[in-house]
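Each remark here refers to the structure printed beneath this line.
We did not get these values from a lab; they are worked out from the coordinates using the rules stated. Quick caveat, the model's predicted, so the values are computed rather than measured. We place every Cβ from the backbone using ideal geometry, glycine too, and count neighbours over all the protein chains shown.
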Amino acid sequence: MLSCCTKKVHPVGKGELTDEHKRLIKTVWSDLREQIGEVGMESFLRFFNTHPEAQDSFLVFKDIPREELSQSIKLKEHGLKVTSVVDRCVNRLDDPNAMKNIATQLGKYHERGLLLKYQTALRDSYIDAIKMRSTIVWNSKCQEAWITFFDKFQKELAEASC
């Protein structure tokens, strides 16, 4: 497993999650409650569409032809796993240690170098999937809130793996 201790996380979110960020995130997430499985799957389809070379780095998807990914049970299952992590973080936004604890657990099962290499692309793909599925009017404040959320999580994940 690769170490990330010598690599930097490049967050672009505006620092810490504010109360307004948390409110926006919870509102959007609540709107998506019935679609969370689709959000996870859609985020990976978007990610592999923009970064096809990354598919081989995900062992579970390595042997699935790209044209079959949208029908893949493995992709749907992994999307649900990722979404359940997001769900746990969103549901615990008011607990200052929750995200770090969740990231520490997740860090045990992932190749850190891969996550760091694609952190911005993974984040953007997930946010795009959220935006596409949400019925909430999306604006720059929603975008900033979700960027800050994912950048904070990725920072916690990187720190937990050092």
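Given a 10 angstrom Cα cut-off, can you work out which residue in Phe58, Phe150, Phe44 is the most mobile in a GNM of the chain? Residue with maximal mean-square fluctuation among Phe58, Phe150, Phe44: Phe58. With contacts taken as Cα pairs under 8 Å and at least 6 residues apart, the chain reaches a relative contact order of 48 percent.
Is there a pair in Lys108/Lys141; Lys22/Lys62; Lys26/Lys62; Lys81/Lys141; Lys76/Lys117 whose C-alpha atoms are over 31 Å apart, and which pairs would that be? Check vs 31 Å cut-off fails for Lys108/Lys141; Lys22/Lys62; Lys26/Lys62. With distances taken between every two different alpha-carbon atoms, the chain has a Kirkwood hydrodynamic radius of 16.0 Å. Calculated mean residue ellipticity at 222 nm for the chain: -20000 deg cm²/dmol, from DSSP H runs with n ≥ 4 weighted as -39500 (n - 2.57), summed, divided by the residue count and rounded to 500.
Taking the empirical scaling 2.2 N^0.38 Å for compact globular proteins as reference, region 17-60 has a Cα radius of gyration ratio of 1.56.
Of the residues Met132, Met99, Met41, the one that moves most in a GNM of the chain with alpha-carbon contacts below 10 Å is Met132. Comparing Trp138, Trp29, Trp146 in a Gaussian network model of the chain, where Cα atoms under 10 Å apart are tied by springs, the biggest mean-square fluctuation is seen for Trp138. Placing +1 on the Cβ of every Lys and Arg and -1 on the Cβ of every Asp and Glu, with nothing else charged, gives the chain a dipole about its Cα centre of roughly 320 debye.
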